[in-house]
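Here is the structure we will look at.
The values are calculated or read from the model by the stated rules, or taken from the named source; none is laboratory data. Quick caveat, the model's predicted, so the values are computed rather than measured. Backbone-built Cβ (ideal geometry, glycine too); neighbour counts: all protein chains shown. Just the protein is used for accessible areas: all its heavy atoms, side chains included, with ligands, DNA and RNA removed. Shrake-Rupley method; radii C 1.70, N 1.55, O 1.52, S 1.80 Å.
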Amino acid sequence: MDRVGKLASQKAVVIFSKSSCCMCHAIKRLFYEQGVSPMVHELDEDSRGREMEWALMRLGCNPAVPAVFIGGKFVGSANNVMTLQVNGSLKKMLKDAGAIWL
């Protein structure tokens, strides 16, 4: 859990992902298209990925990926991020975290 928290606070936007996950790909693309350069941790390519996956599930992320952190705070999974995008509040969160300036 400590490792997830430490990694999540290293950049304005941090995404825990799996390289084979289509929803992870969609969420990463959403951020890239908005000009955000997130730090991405591919759990299936990390020797401690399984441990981090369990920590994310304990945070309430089910399935564990994609798990998105903005400004060091846990935002949620794909459903939460898409809801924020649709209602317009994602852009403000990204501005407040310093991930975008427009």
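Structure above, values below:
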read-out	value
Among (1) in contact (Cβ under 8 Å) with a residue 12 or more places away in the chain; (2) open to solvent by 40 Å² or more (accessible area, probe 1.4 Å) - the single one Asn79 does not satisfy	(1)
Single residue of the range 62-72 satisfying the filter (surrounded by 21 or more Cβ atoms within 10 Å (Cβ to Cβ) and not in a strand (DSSP E or B)) that is nearest to the chain's Cα centre (by Cα)	Pro66
Residues of the range 54-73 satisfying the condition of being hydrophobic (A, V, I, L, M, F, W, C) and either under 21 Å from Ser20 (Cβ atoms) or in contact with a helix residue (DSSP H, G or I) (Cβ under 7 Å, 6 or more places away or on another chain) (or both)	Trp54, Ala55, Leu56, Met57, Cys61, Ala64, Val65, Ala67, Val68, Phe69, Ile70
Within the range 1-32, tally of residues that are closer than 16 Å to Met93 by Cβ and either assigned to a helix (DSSP H, G or I) or open to solvent by 30 Å² or more (accessible area, probe 1.4 Å) (or both)	6
Ala55 being assigned to a loop (DSSP other than H, G, I, E, B), within 18 Å of Arg3 (Cβ to Cβ), modelled with pLDDT under 95 and open to solvent by less than 10 Å² (accessible area, probe 1.4 Å)	no
Some residue of the range 39-51 being open to solvent by less than 80 Å² (accessible area, probe 1.4 Å), closer than 22 Å to Met93 by Cβ and either among the aromatic types (Phe, Trp, Tyr) or out of contact with any Lys or Arg (no Cβ under 8 Å at 6 or more places or on another chain) (or both)	yes
